[in-house]
Amino acid sequence: MRITRIKNVKGELRVPSDKSITHRGILLGAVGKGKTLLKEWLDSADTRSTLNIVKMLGVNVEESGKDLLIEGKRGVFKEPVDILDAGNSGTTARLTTGLLATQPFFSVITGDESLRNRPMLRVVKPLREMGAIIDGREGGNRLPVAIRGGNLKGISFFNKKSSAQVKSSLMIAGLFAEGITEITEPFMSRDHTERMLKYMGVEVIQMETEKGHIIKVKGGQIPNGEEIYCPADPSSSAFFAGLATLVEGSEILLKDVLVNPTRDGFFRVLKKMGGKIEYINVREISGETVADILVKSADKLEPVTIEGDILPSLIDEIPILAIVMAFADGVSCVRQAGELRVKESDRIRAVVVNLRRMGVNVEEFDDGFCIEGKGKLKGAFIETYGDHRIAMAFTVAGLVAEGETHIDDTECVNVSYPRFYDDLNIIVRNGYI
Ligand code: S3P
């Protein structure tokens, strides 16, 4: 795709619904009792992977308009007749492995080339400790993995990387394990599973201690089917907030955005840098906080360093944050973020390579990068590495760069945001894309 500079962006947008909440709504609805109505679910390649898997496990799902009606199986599923395919989705692979670990039958889960290269031992190891039999490539660290589960026992687990996927996988397994499953994370990661389970009537205990944030769930609790609303995805909204911040004379209203504090780090950092960000009409819907976000172009952006406990709340927004950092008045850094190397692509490499091509001085570290803000980008040839967030972040970069930018593959946006380029066209007024 060829992209050139735009004049400004204006208007209102309700980006597609949250990916993390949609995955969880499908899975927790499937394990629960009674029917779950998932309102305004995200229909994208990743969430379709989760949906297809639960269907293969014998779950009845009705699609009607923007809603999904899921019939809960009370934790008793059917042995799948074929291999389960998680596609490009790490959340599908890891959360589903937790669910399959509770089932006495044989199942195999695989994924696309990117997912087959991503680490699975982070869930396989604790699930084995709970009693599941799991084997796979490289000792169970790579898909495909084969699972025979059942008869699980609760464990105490230290979630060293503060991964929400690991926590959620163990919590799902813990619902059907004997005793208590306890997870400690040094930094609090996205807490949608905790919130949704509570909303579905499950008792979840949360505590702050010296070691970090502790979550406990007792086995034998089956979630009640509920009506769950999926708000707009803050990770998808971030691309437009970044664009409006960088382009003079812009103003956009992002509607119904999930602003859960474990997810809105990007907006908080943008504001700290000098971005004009305002939360309007803050409200609670089915256990989550939602707001409309007004974004106006910034006059000046200060540099910032991102590390420590803020990281989980903006981990998927680092590529677009890197583009904003290129316009800050000084050197900005992202450190302690080695996890970025095992996302849909090696996002440290992808950001460093592409920003350098756009004329920016970037220093690469094992666990992050430092970007020298120059206030301008030059058009370049961008490689997405098949990663949706790299494609969308560098599309924004192309829209604010001098000259022409070419993006090698834009198909990958289907993973989280199939109508990304249509929505862009709506808010780009005097530009060309
Ligand atoms: C997700 C958790 C995060 C995030 C991913 C979605 C989730 O991954 O990067 O895109 O829905 O639980 P980790 O759990 O690996 O940190």
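The values are calculated or read from the model by the stated rules, or taken from the named source; none is laboratory data. None of the values given here were measured: they were computed from a predicted structure. Ideal geometry is used to build each Cβ from the backbone, glycine not excepted, and the neighbour counts take in all protein chains shown. Note: accessible area is taken over every heavy atom of the protein model, side chains too, but ligands, DNA and RNA are not part of it. Shrake-Rupley method; radii C 1.70, N 1.55, O 1.52, S 1.80 Å.
Overview of results
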quantity	calculated
Estimated distance in nm for a label pair at residue 366 and residue 2, the labels positioned 7 Å out from Cα along Cα-to-Cβ	4.4 nm
Low-density loop cleavage sites - trypsin sites (Lys or Arg not before Pro) in the range 1-41, where at most 15 other Cβ are within 10 Å (DSSP)	7
Cα lying deepest toward the dipole's positive end in the chain, options 417, 399, 151, charges on Cβ	151
Cross-link reach list, aspartates and glutamates versus residue 167, counting only Cα pairs under 14 Å and skipping chain neighbours closer than eight places	182, 185, 191, 194
Cα-based helix-to-principal-axis angle, 234-246 vs the chain, degrees rounded to 10	10 degrees
Cα-centred dipole magnitude for the chain, charges only on beta-carbon of K, R (+1) and D, E (-1), debye, nearest 20	380 debye
Which of 327, 236, 269, positive extreme of dipole for the range 236-354 (C-beta unit charges)	327
Rounded accessible area per residue of the chain, 1.4 Å, Å²	37 Å²
The range 52-104 shape via C-alpha gyration tensor axes, a/c threshold 1.5	oblate
Of the chymotrypsin sites (Phe, Trp or Tyr not before Pro) in the range 313-382, those whose Cβ has at most 13 other Cβ within 10 Å and which sit in DSSP loop	none
FRET efficiency for residue 331 and residue 158, using Cβ-Cβ distance with R0 set to 30 Å, rounded to 0.05	0.30
Cα centre as origin, Lys/Arg/Asp/Glu Cβ charges: the range 165-262 dipole, Debye	220 debye
Loop GluC sites (Glu not before Pro), the range 105-185, which have at most 11 other Cβ atoms in a 10 Å radius of their Cβ (DSSP)	113
Cα centroid of the range 173-240 to Cα centroid of the range 357-419, whole Å	33 Å
Sites residue 148 and residue 60 - FRET efficiency at Förster radius 22 Å, r taken between beta-carbons, to 0.05	0.35
Unit charges on C-beta of K, R, D, E only; dipole of the range 355-433, Debye	440 debye
